[in-house]
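Pasting a structure below so you can have a look.
Every read-out reported here was derived from the displayed coordinates using simple, explicitly stated rules and does not represent laboratory data. If you're wondering where the values come from, they're calculated on a predicted model, not measured in any experiment. Glycine also receives a Cβ, built like all others from the backbone with ideal geometry; neighbour counts cover every protein chain displayed.
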Amino acid sequence: MPTTAHDFRRPPGPDSTVALGIDPATLGILQKLQREYGDIVSIEKPSGRLAYFINDPAEVRRILVRRHTRYVKGPGFERVKMLLGNGLIVSDGDVWRRSRTMIQPAFKVQNVHRLMRVMVQCTERRAAAWAKAIENNQLINITKETSEFSLELILITIFGSDYENKIMASGENPFAFLSRDSTRDLSVVMKVRDLRKMLLAIIAERRDRDVDEFDFLSMYMQATDKSGVHFTDKELLDELMTLIVAGFETSANTLNWAWYLIAGHPEVEAKLIAEAKASLPSVAAVNSDNAAAMTYTQQVLEEVLRLYPPVWLFTRRASEDDELEEYDVPTGTDIYLSPYVLHRSEHIWSNPDAFDPDRFETDGKPKRDRPYFPFSLGPRRCLGEYFSFLEMKVHIGLLVARFRLERVGSADPVLELAINLRSKNDILLRPSLRQD
Ligand code: HEM
C-alpha cells in the first residue's frame with residue numbers, strides 16, 4: 001500500500017485543523033464538512049492526529065464488517081470507562097473476543113423470549129401509572145415514563161427477584177442517576193463505587209445460595225470461555241454495568257421519540273392501533289409470535305431509529321494500515337461514523353427529515369444492504385437488537401391500543417447530542433383513554 005508522503009491518497013478536507021468531540025457543535029461541523037467535501041472527508045485535529053469522517057454506506061460497511069480487525073474503538077469511549085471498566089462496549093482485541101463469545105449465548109432468541117413476561121409486566125406498570133394520570137387530569141412526562149420503563153426492564157431481566165429485594169430495598173432506584181449524562185460528572189465516581197459494592201454483594205450471595213433464577217446475571221455467571229474459565233467478579237461487574245448502560249438509555253430514548261412522533265401522525269397511530277388489536281389479543285397471552293406479526297410497528301421503530309439513532313456518532317481508530325476504495329488509512333487515523341448524518345443525507349434518503357414508516361416496508365425483500373446502521377454493523381454490532389425491538393413492540397403494542405397521547409404545544413423538542421441522542425427537555429403529552 002502506498003504510504004509515502006509523495007503518493008499518499010488523502011481524502012479532500014479543510015486545510016486548517018478542526019476539533020471534534022461528541023457534542024452538538026461536532027454535528028454541525030460534520031454536516032458542513034460533508035456538504036463541502038463529500039462523503040469521505042479528512043480532518044487534521046488540533047493534536048496533529050489525522051481523522052476521517054465517513055458517510056459513504058459502502059465504506060462504513062467495509063470498516064465495520066470486512067476490515068473490522070484493523071480497527072479498535074476510537075476517541076470518546078474513554079469517557080465511559082469510568083462506568084464500564086473494560087466491559088464489552090469499550091474493550092478490544094482478545095479481551096473483547098473472549099467476553100463476546102461468553103456473553104453472546106445469553107442473547108439467543110429463545111432466551112430473549114423467556115424474558116418477554118418481564119417486558120409485559122413493566123409495560124403494565126406504565127399502564128397503571130398512565131391510568132392514574134388520567135384520573136388526576138395530569139399530563140404524562142413521556143421522557144420520564146420511557147426511562148423508568150427501560151431501566152426497570154433491564155434491571156429485572158438482569159437481577160430477577162434481587163431487583164425488588166435488594167436493589168429497590170431502600171425504595172429508590174440507585175441506578176436512576178444514569179439517565180442524565182453522568183459520564184461528565186465526577187461526583188458519580190462515588191455512586192458508581194457504591195453500586196459496584198452492592199452488585200458484588202448480590203453476586204457473592206448468589207454464589208453462596210446457588211440460586212436458580214432465569215436472568216442475565218445467572219447466564220453471565222454460568223458462562224465459560226473455551227478453557228472452561230468463568231468471569232472473575234471484576235469482569236462480571238464490568239459486564240453488568242455495560243449491559244445496564246447499553247440497554248437502558250438507548251431503548252428509552254427511542255421510545256421517547258416514538259411516542260412524540262406517533263402523537264403527531266394520526267395516520268401512523270391508526271395503523272399501529274389496528275395492528276396491536278389484531279396481533280396482541282390479551283395482555284396475558286402476549287408471546288413471540290404475536291410480536292413477530294407486528295410488522296408495521298417494526299417499520300415505525302426502524303423509522304424512529306433512522307431519524308433519532310440513540311448512538312448518533314461513534315468512532316474507531318486504525319490499529320494498522322488500511323485502505324478505502326480510493327484513499328489510504330494510515331495506522332492511528334481516527335474514524336468518525338454518524339448514523340444520524342447518514343440517515344438524513346438527501347442523496348441517500350428521499351425527503352430525509354420526514355417521518356415515513358412506509359419506507360421500511362420490505363415486501364419480503366432482504367434488508368441487508370440498506371444505508372442504515374443504528375445498531376452498528378459487523379461483529380461488534382449491538383447484542384441487544386432483538387431484545388430491544390421486542391421490548392419496544394410489547395410496550396407500544398400494549399399501550400397504543402388503550403391510551404391516546406396528544407402533543408401539548410407546537411414547538412419541536414430540541415436535540416441533546418451527548419453520548420446518546422435525547423431530547424434536551426422532557427416531553428409532555430396529554431393522555432386519554434380510548435373509547436373503542
Ligand atoms: C434501540 C436500542 C439500541 C440501540 C440503537 C443500540 C445501539 C448500539 C450500537 C450502535 C452499538 C455499537 C457501538 C460501537 O460499536 O461503537 C451497540 C453495542 C452494544 N449494545 Fe446496543 N443498542 C440498543 C439496545 C441495546 C440493548 C437493549 C442491549 C442489551 C439488552 C444492548 C447491548 C449492547 C451491547 C452489549 C453492545 C456491545 C457489543 C460489542 O461491542 O460486542 N443494546 N448498541
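Tell me, what is the FRET efficiency for Asp233 and Ala411 to the nearest 0.05, using R0 = 56 angstrom and their Cβ-Cβ distance as r? Kindly include the intermediate steps, with their values, before the conclusion.
Values: r = 48 Å, r/R0 = 0.86.
Result of the calculation: an efficiency of 0.70.
Once the Cβ-Cβ distance between Val189 and Ser47 is put in as r, and R0 is 22 Å, what FRET efficiency do you end up with, to the nearest 0.05?
0.25
While we're looking at this one, here's another question. Select from His265, Ser338, Leu428 the residue farthest towards the positive end of the dipole of region 24-433; place +1 on Cβ of Lys and Arg, -1 on Cβ of Asp and Glu, and compute about the Cα centre.
Leu428
Counting only DSSP beta bridges with both residues in the chain, tell me the antiparallel percent, nearest 5.
Working: 25 of 29 bridges.
So the antiparallel bridges in the chain amount to around 85 percent.
Taking θ = phi - 60°, what integer Hz values does the Karplus form 6.51 cos²θ - 1.76 cosθ + 1.60 yield along region 410-422, in sequence order, with x for Gly and Pro?
10, 6, 6, x, 7, 6, 10, 9, 10, 4, 10, 8, 9
On to the next question. Dipole size in debye (nearest 20) for region 24-433 around its Cα centre, Lys and Arg Cβ +1, Asp and Glu Cβ -1? Walk me through the intermediate numbers first.
Numbers: 54 positive and 58 negative charges, 83 e Å.
My answer is approximately 400 debye.
Hey, another quick one. Show the residues, 5+ positions off or on another chain, whose built amide H is closer than 5 Å to the amide H of Ser423.
Glu416
Please list, by residue number, every one of the trypsin sites (Lys or Arg not before Pro) in region 52-124 that is coil in DSSP and has at most 15 other beta-carbon atoms within 10 Å. If you can, show how the numbers build up before the last one.
Numbers: sites: Arg61, Arg62, Arg66, Arg67, Arg70, Lys73, Arg79, Lys81, Arg97, Arg98, Arg100, Lys108, Arg114, Arg117; in loops: Arg67, Lys108.
Answer by residue number: Lys108.
How do the peptides 148-156, 215-223 rank, highest first, by the average count of neighbouring beta carbon atoms within 10 Å per residue? Please report the intermediate quantities before stating the final value.
Working: 148-156: 23.8, 215-223: 19.2.
Packing order, densest peptide first, comes out as 148-156, 215-223.
Working from the pairwise distances between different alpha carbons, so that the mean of 1/r is found and then inverted, what is the chain's Kirkwood radius in Å? Don't skip to the end; give the middle numbers.
Working: mean 1/r = 0.0433 Å⁻¹.
With all distinct Cα pairs of the chain included, I get 23.1 Å.
Taking the Cα of Asn351, stepping 7 Å toward and past its beta carbon, and measuring to each backbone N in region 304-332: which are under 19 Å?
Hits in region 304-332 for Asn351 at 19 Å: 304-308.
Skipping prolines and chain starts, which residues have an amide H placed within reach, meaning under 5 Å, of the one on Ile335, given they are 5 or more residues away or on another chain?
For Ile335, the qualifying residues are Tyr52, Arg316, Arg317, Ala318.
With respect to the cross-link table entries Lys144/Lys197; Lys166/Lys197; Lys108/Lys234; Lys73/Lys108; Lys81/Lys191, which display a Cα-Cα separation exceeding 19 Å?
Numbers: Lys144/Lys197 27 Å; Lys166/Lys197 12 Å; Lys108/Lys234 24 Å; Lys73/Lys108 25 Å; Lys81/Lys191 15 Å.
Cα-Cα > 19 Å for Lys144/Lys197; Lys108/Lys234; Lys73/Lys108; rest within.
Could you derive backbone 3J(HN,Hα) for region 128-135 from the dihedral phi with the Karplus parameters 6.51, -1.76 and 1.60 (θ = phi - 60°), listing whole Hz in sequence and x where the residue is Gly or Pro?
Ordered by residue, 3J(HN,Hα) equals 5, 5, 6, 4, 5, 4, 5, 4 Hz.
Taking one equal scatterer on every alpha-carbon of region 99-184, how large is log10 of I(q)/I(0) by Debye at q = 0.12, 0.13, 0.17, 0.25 1/Å?
With one equal scatterer per Cα and no solvent, log10 I(q)/I(0) is -0.48, -0.56, -0.89, -1.27.
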